[in-house]
Amino acid sequence: MSKKAVIFLGPPGAGKGTISAVCQKEFNWKHLSTGNVCREHIVNKTDLGQEIAALISQGKLVPDQIIMNMIEMWIVTHQYNIDGIIFDGTPRTLEQSAFIDKMLNVQFSNFKTLVVKFEVDENVLMNRIESRVVCGNKDCQRVYSTQQDNSLQPKQFMKCDVCDHDLIHRPDDSRETLKKRLDVYYQHEKDMLQYYKDKGTTILVINAQEPVEQVFEYIKQISNC
Ligand code: AMP
């Protein structure tokens, strides 16, 4: 099996984080979520955290240069002994797409880049986001759902199954902010997809409304590419 750089493109609430956790476990791929890195900065009250907190709570993008520094830092510290990388929620702009390619060519030139496009109806996204809770431990940030009969419900009420930390609602997971985040996402999605099409990158389009197990089955198809 060749080494992979898998780019998860999809709107907030599409399940990218949840599927990333499954892939990490099943394939031993490493996971870069720039959203998680941003939240770590906010929890740690770093200068950067204070700079980006307001942007995130308003559903705006963090500037490209800040995100590209995060990507570079992550790649430099994770460059050895890895079979795959999942880029979860990054890139979010054309500029970030080109930057990731450049970094991959330098540090992981033997990796094959693949794109997975997560598709979900907007009303489903709304419901998912409103019932989404995440582990408040910055080193975990696992995603759960408070929806009844959802396979992502935590075993214990508002406690993380993995680290027992309290679960929290993300402040940017409100209906109003989600509208803004979706607009911003779709503004950039077309350009990023065109970029990957022009390069001849394989793009797997998946119906991410299906249960997690089924979505993972789709992802397995590309793990064998
Ligand atoms: P996420 O957890 O991926 O939904 O990201 C949460 C928020 O962090 C986003 O709504 C953005 O404000 C910011 N963010 C995360 N990743 C990026 C990125 N690649 N580019 C710009 N902003 C980002």
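The values are calculated or read from the model by the stated rules, or taken from the named source; none is laboratory data. As the structure is a computational prediction, the values presented were derived from the model and not from experiment. With ideal geometry, Cβ positions are generated from the backbone for all residues, glycine too; neighbour counts draw on all protein chains shown. When the accessible area is computed, the model is the full protein with side chains, heavy atoms only, and any ligands, DNA or RNA have been set aside. Shrake-Rupley method; radii C 1.70, N 1.55, O 1.52, S 1.80 Å.
For every residue, the table says whether it meets (1) aliphatic (A, V, I, L, M); (2) surrounded by 17 or more Cβ atoms within 10 Å (Cβ to Cβ).
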position	(1), (2)
Ser20	no, yes
Asn28	no, no
Ser33	no, yes
Arg39	no, yes
Lys45	no, no
Ile52	yes, yes
Ser57	no, no
Lys60	no, no
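Return the pair list, or none, for Cβ contacts closer than 7 Å from residues in the stretch 105-117 that are within 13 Å of Ile75 (Cβ to Cβ) to residues that are outside any loop (DSSP other than H, G, I, E, B), at least 6 apart or on different chains.
If the second residue must be outside any loop (DSSP other than H, G, I, E, B), the pairs left are Gln107/Ile75; Phe108/Ala5; Phe111/Lys4; Phe111/Ala5; Phe111/Leu104.
Could you say whether any residue in the stretch 158-174 is within 13 Å of the ligand (Cβ to nearest atom), open to solvent by 20 Å² or more (accessible area, probe 1.4 Å) and over 24 Å from Ile7 (Cα atoms)?
Of the residues in the stretch 158-174, the ones within 13 Å of the ligand (Cβ to nearest atom) are 170-174.
From what's left, open to solvent by 20 Å² or more (accessible area, probe 1.4 Å): 170-171, 174.
Checking which are over 24 Å from Ile7 (Cα atoms) leaves us with 171, 174.
Yes - at least one qualifying residue is present in the stretch 158-174.
I need the full set of residues from the stretch 1-16 which are open to solvent by less than 30 Å² (accessible area, probe 1.4 Å) and not basic (Lys, Arg), in order please.
Our first condition is that a residue be open to solvent by less than 30 Å² (accessible area, probe 1.4 Å); within the stretch 1-16, this holds for 4-16.
Those that are open to solvent by less than 30 Å² (accessible area, probe 1.4 Å) and not basic (Lys, Arg): Ala5, Val6, Ile7, Phe8, Leu9, Gly10, Pro11, Pro12, Gly13, Ala14, Gly15.
Can you name every one of the helices (runs of 4 or more DSSP H) wholly within the stretch 10-125 that holds 2 or more residues which are within 13 Å of the ligand (Cβ to nearest atom) and over 26 Å from Asn137 (Cβ atoms)?
Working: elements: 16-27, 34-43, 47-57, 64-77, 94-107.
Here the list reads 64-77, 94-107.
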